[in-house]
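This report refers to the structure that appears directly beneath it.
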Amino acid sequence: MESGILLNIFLGSLALSVVHFLIPNHWMPIVVMARSERWDQGRSLRIAALAGFSHTASSIIIGVAVGALGLKLTEVSKTAMELVAPVIFLIFGIMYILAGIRDNIRDHKHRHIHLEEATKKKTRAAVTAIVIAMFFSPCMEIDTYFFNASLAGWQGILIVLVTYLLVTVAGIIFMVRLGLKGVEAVKLQFLEQYEKHIMGFILILMALTFYVFLH
């Protein structure tokens, strides 16, 4: 059962991370800046890596703290946590879907900080702005996942941490490289518009699979 839970944790964190890094406003501003400043590919990818690490750092800091809280609660009552974990996934999944519907109705964009204006500043200031903005826009979906991963102890938390860090940073670098080659013509606005819906469905799916493995 433990191996099944760990596999479930890995697949869930992988799915959330992939959907997350595909969102255009995580990498498109770097592509725009690189082209306007005529950076070479090496410099562009280094900045993409820096922005990716900055973005994941804040999420990991919050996530580990949330995961540690989950571990404490598990020590108090593992049975209660086995019930709470799927319920939290279910509640947050529904909340994200409803938030996505609300945003679509209001014609709002993705809630992460939009960075396009940074490209109008001088290079160093713009890069600094992007890195800082990425740090202060953590991925709350993955932070929720840290809490539930704590059911598998620090091993579960570590799986989420490593998966999210590697996939997100590598993904942002990959998307910037594609963007520099002109592949951004492949429209990903759909993901940006429906990110909350997709994240919500993933969390609900994780709630169901967690319940099955734990019972």
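The values are calculated or read from the model by the stated rules, or taken from the named source; none is laboratory data. Predicted, not measured: the structure shown is a model, and the values here were computed from it. Backbone-built Cβ (ideal geometry, glycine too); neighbour counts: all protein chains shown.
Here's the yes/no breakdown for (1) surrounded by fewer than 20 Cβ atoms within 10 Å (Cβ to Cβ); (2) in contact (Cβ under 8 Å) with a residue 12 or more places away in the chain; (3) touching a Ser or Thr at 6+ places or on another chain (Cβ under 6 Å); (4) more than 23 Å from residue 126 (Cα to Cα):
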| position | (1), (2), (3), (4) |
| --- | --- |
| 3 | yes, no, no, yes |
| 11 | yes, no, no, yes |
| 39 | yes, no, no, no |
| 49 | yes, yes, no, no |
| 58 | yes, yes, no, no |
| 65 | yes, no, no, yes |
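Of all residues in segment 22-58 being assigned to a helix (DSSP H, G or I), closer than 30 Å to residue 208 by Cα and in contact with a His (Cβ under 9 Å, 6 or more places away or on another chain), which is modelled with the highest pLDDT?
55
Can you tell me how many residues in segment 153-164 are over 11 Å from residue 64 (Cβ atoms) and surrounded by fewer than 19 Cβ atoms within 10 Å (Cβ to Cβ)?
Result for segment 153-164: 3.
So, in segment 94-117, how many residues would count as being under 26 Å from residue 70 (Cβ atoms), at pLDDT below 75 and part of a helix (DSSP H, G or I)?
Count: 1.
Here is a list of conditions, (1) more than 16 Å from residue 152 (Cβ to Cβ); (2) assigned to a helix (DSSP H, G or I), and residue 12 meets all of them except one; can you say which number that is?
Single failed check for residue 12: (1).
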